[in-house]
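Written out below as C-alpha cells is the structure these notes cover.
The values are calculated or read from the model by the stated rules, or taken from the named source; none is laboratory data. Because the structure is predicted, anything quoted here is derived from the model rather than measured. Reconstructed Cβ throughout: ideal geometry from the backbone, glycine too, with neighbour counts over all protein chains shown.
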Amino acid sequence: MAINLKGTGVAIVTPFNTKNEVDYASLTKLLEHIITNKVEYVVVLGTTGESVTLSKEEKKGIVKHVVLTVNSRVPIVLGLGGNNTAEIIEALENTDFSGISAILSVSPYYNKPTQEGIYQHYKLIAEKSPLPIILYNVPGRTASNITAATTLRLANDFKNIIAIKEASGILEQSMQIIKNRPSGFLVISGDDNLTLPIMAAGGDGVISVVANAFPKEFSEMVRKCLANDFNGARELHYKTFEITEQLFADGNPGGIKAALKLLNICEDAIRLPLVKVNSNVFNKLEELVKKNS
C-alpha cells in the first residue's frame with residue numbers, strides 16, 4: 001500500500017468537444033501539459049472531471065486513455081465515490097485498477113448521513129478496496145461535513161485509509177487532524193487558495209484545480225512549502241491567488257475550462273446542469289491568463 005502522494009495532484013477536467021463528446025486529443029494535450037510541468041500525480045473522474053455526468057462507458061474510456069497516456073510517469077488516483085454504498089462496493093469488485101495507485105472517495109452527498117453513517121460507509125469501502133483510499137471531505141457539495149473526530153477514527157482503524165482531501169474550508173479542522181493523525185496519514189488541501197496555510201500548519205500537499213492551467217507555478221509553490229521555504233512559497237501563492245478566485249467565481253469546472261480554452265488546451269464545453277462562465281468572469285480570466293502566461 002506504499003505510495004507517496006505528497007505534493008501536487010491535479011484534479012483533471014474532462015475535455016469535451018463542441019458536440020459535448022469526450023475530446024481525447026485534448027485530454028492527451030492536457031495530461032502532457034500537466035506532467036511536463038512537474039506535478040506529482042493526477043486525479044481522474046473527480047468533481048472537476050464532471051464524473052457525475054459521464055456514462056459508465058465514457059468513464060471506462062477516459063480511465064483507459066489516461067492510464068495509457070500517463071504511462072507510469074506519475075501516479076494516477078481514481079475518483080470512486082457516491083451516495084450509494086452498495087453501488088460503490090459493486091464498482092470496487094468490477095473495476096480494472098491496472099495503472100491506478102489509489103482511490104479518492106467523496107463523502108456521501110445528498111443523503112446527509114450522521115457521523116456514524118459516514119464511518120460505516122468508509123468502513124465497508126476500506127474492507128473491500130484493493131487500493132489505498134483518500135477520504136474526500138467537501139461539505140459545500142455534499143451537505144455534510146466529515147468531522148475531525150470521524151476522520152481520525154477512520155485513519156486509526158484502517159491502514160489502507162491513507163489520507164484526506166480536506167475541502168471544508170475550516171482551517172481549525174485541518175489543524176485538529178494534522179495534530180492528532182497517526183503516523184503516515186496525509187492531510188491534503190482541497191482548496192487551492194488555502195493550500196499555503198494548510199501546509200504551513202503541517203499539511204502535505206493539494207489536489208488542485210488551478211494546476212490544470214498553471215501546473216509549473218502551483219506545484220513549485222507546494223514543493224517550496226514542503227521544503228519549509230515559505231517566503232518563496234508565499235510569492236508564488238500570490239501569483240496565482242487572484243486567478244484562482246476567478247476560477248471559482250462562476251462555478252467549477254466552468255472557470256478552469258475557460259482558462260484552458262484561453263491557453264488553447266481544450267474547449268470550454270461543459271455538460272448540463274452546469275454552464276459556461278458568464279462573460280464578465282471570462283473577460284477577467286482572459287486578462288489574468290495573459291498576465292500570468
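A few points about this structure:
- Helices (runs of 4 or more DSSP H) wholly inside the range 166-260 that include at least 3 residues being touching a strand residue (DSSP E or B) at 6+ places or on another chain (Cβ under 9 Å) and either at pLDDT 95 or above or more than 25 Å from residue 27 (Cβ to Cβ) (or both): 171-180, 195-200, 215-226
- Filtered residues of the range 93-117 (kept if surrounded by 16 or more Cβ atoms within 10 Å (Cβ to Cβ) and closer than 18 Å to residue 43 by Cβ): 95, 97, 99, 100, 101, 102, 103, 104, 105, 106, 107, 109
- If you go through the range 91-122 and keep only what is outside any loop (DSSP other than H, G, I, E, B) and in contact (Cβ under 8 Å) with a residue 40 or more places away in the chain, you end up with 102, 104, 106.
- Counting the residues of the range 110-128 that are β-branched (Val, Ile, Thr) and more than 20 Å from residue 140 (Cα to Cα) gives 1.
- Pick from the range 197-219, criterion among the aliphatic types (A, V, I, L, M) and crowded, with 23+ Cβ neighbours inside 10 Å, ranking: nearest to the chain's Cα centre (by Cα): 207
- Test: residue in the range 267-279 that is of a type outside the set (A, V, I, L, M), within 18 Å of residue 190 (Cβ to Cβ) and either modelled with pLDDT under 95 or not in a helix (DSSP H, G or I) (or both): no
- Answer residue from the range 27-85, given it is polar (S, T, N, Q) and under 17 Å from residue 104 (Cα atoms) and is surrounded by the fewest Cβ atoms within 10 Å (Cβ to Cβ) among those: 84
- Of residues in the range 1-26 being hydroxyl-bearing (Ser, Thr, Tyr) and more than 17 Å from the chain's Cα centre (by Cα), the one surrounded by the fewest Cβ atoms within 10 Å (Cβ to Cβ): 18
- Pairs with Cβ under 8 Å, 6+ apart, first in the range 23-37 and of a type in the set (Gly, Ala, Ser), second surrounded by fewer than 22 Cβ atoms within 10 Å (Cβ to Cβ) and not in a helix (DSSP H, G or I): 26/17; 26/265; 26/267
- If the condition is being hydrophobic (A, V, I, L, M, F, W, C), crowded, with 20+ Cβ neighbours inside 10 Å and assigned to a helix (DSSP H, G or I), then the range 123-153 contributes 125, 148.
- Qualifying position, being of a type in the set (D, E, K, R) and without any contact (Cβ under 8 Å) to a residue 40 or more places away in the chain, among 229, 192: 229
- Screening the candidates 236, 247 for the property of being among the hydrophobic types (A, V, I, L, M, F, W, C), free of Cβ contacts under 8 Å to residues at least 24 places away in the same chain and surrounded by 15 or more Cβ atoms within 10 Å (Cβ to Cβ) yields one hit, 236.
Yes/no per residue for (1) charged (D, E, K, R); (2) modelled with pLDDT of 95 or more:
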position	(1), (2)
2	no, no
22	no, yes
41	no, yes
73	yes, yes
80	no, yes
85	no, yes
98	no, yes
104	no, yes
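- Within the range 241-258, the residues that satisfy the criterion of being within 14 Å of residue 11 (Cβ to Cβ) and of a type in the set (A, V, I, L, M, F, W, C) are 247, 248, 256.
- Positions within the range 1-38 being within 22 Å of residue 196 (Cα to Cα) and in contact with a Phe, Trp or Tyr (Cβ under 8 Å, 6 or more places away or on another chain), in sequence order: 5, 7, 8, 9, 10
- Out of 110, 136, sole residue that is closer than 20 Å to residue 49 by Cβ and modelled with pLDDT under 95: 110
- Scanning the range 38-68 for residues that are assigned to a loop (DSSP other than H, G, I, E, B) and without any contact (Cβ under 8 Å) to a residue 24 or more places away in the chain yields one hit, 55.
- Failed item in (1) touching an Asp or Glu at 6+ places or on another chain (Cβ under 9 Å); (2) outside any strand (DSSP E or B); (3) in contact (Cβ under 8 Å) with a residue 12 or more places away in the chain; (4) farther than 14 Å from residue 253 by Cβ, with residue 13 passing the rest: (4)
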